[in-house]
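Here is the structure we will look at, set down as structure tokens.
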Amino acid sequence: MSFERKDDEVEVRDCKTAANKTSTEDPMASIFSSSTVHYATVNDSSLTPALFTDAPTDNCRDWLEYFKRFVHFKQLPAPAALDLFALLLCGSANTWFTSLNEDTRSDLKAVIDAFET
């Protein structure tokens, strides 16, 4: 299959030409360079931490570690991470969260410290 040039196109290539690049040419070199940092944007809801209910089957340490990794991966600022933390708590875990004093509840580090104890 070949692609024909239109007047406004700069380059004409066909599939054979693209496939016949030498093995020393890195096909990703034009996308990734050592001077640029690229972060993945993943909008897959299956990666979002599960709801935490504080049920006997919930492992709070595992849940918290996954939450921290998710926040780091998504590069969420502290206010957004705190909102997400509160959103993911339900049942008795939500009751616990809402019972925290306002100063603690508005500080992500304080909430995590309280959660860990």
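A short reminder: the numbers here are calculations on the coordinates, not readings from a lab. None of these values were measured; they are calculated from a predicted model. Note that each Cβ is placed from the backbone with ideal geometry, even for glycine, and that neighbours are counted across all protein chains shown.
Applying 1/(1 + (r/R0)^6) with R0 = 25 Å to the Cβ-Cβ distance of Glu116 and Ala86, what FRET efficiency is obtained, to the nearest 0.05? Don't skip to the answer; put the middle values down first.
Numbers: r = 16 Å, r/R0 = 0.65.
FRET efficiency, Glu116 to Ala86: 0.95.
Short version: ³J(HN,Hα) in whole Hz for each residue of region 76-82, in order, from phi by Karplus 6.51 cos²θ - 1.76 cosθ + 1.60 (θ = phi - 60°), x for Gly and Pro, what are they?
So the J values, rounded to whole Hz, are 6, x, 3, x, 5, 5, 5.
Quick check: residue separation of Ala78 and Lys109 times 0.36 nm, minus the Cα distance between them. What number comes out in nm?
Values: separation 31, 0.36 × 31 = 11.16 nm, distance 0.87 nm.
Stretched fully, the Ala78-Lys109 segment lengthens by 10.3 nm.
Could you tell me whether region 45-116 comes out rounded, prolate or oblate from its Cα gyration tensor? Rule is a ≥ b ≥ c as square roots of the eigenvalues, rounded for a/c under 1.5, then prolate if a/b exceeds b/c, otherwise oblate. Numbers along the way, then the final one.
On the way: a/c = 1.71, a/b = 1.06, b/c = 1.61.
In terms of gyration-tensor shape, oblate.
Whole-Hz ³J(HN,Hα) for each residue in region 86-94, computed from phi via Karplus 6.51 cos²θ - 1.76 cosθ + 1.60 with θ = phi - 60°, x for glycine and proline: what do you get?
5, 5, 7, 8, 9, x, 5, 5, 5
Starting from the amide H of Phe52, placed 1.01 Å from N in the peptide plane, find each other amide H under 5 Å away whose residue is 5 or more places distant or on another chain.
Those lying under 5 Å, H to H, from Phe52 are Leu89, Cys90.
May I ask you to sort Arg105, Arg61 by Cβ crowding, counting other Cβ atoms within 10 Å and putting the fewest first?
Working: Arg105 16, Arg61 9.
Going from least to most buried by this count: Arg61, Arg105.
Label-point separation (nm) for Thr57 and Thr98, each offset 7 Å from Cα along Cα-to-Cβ?
2.5
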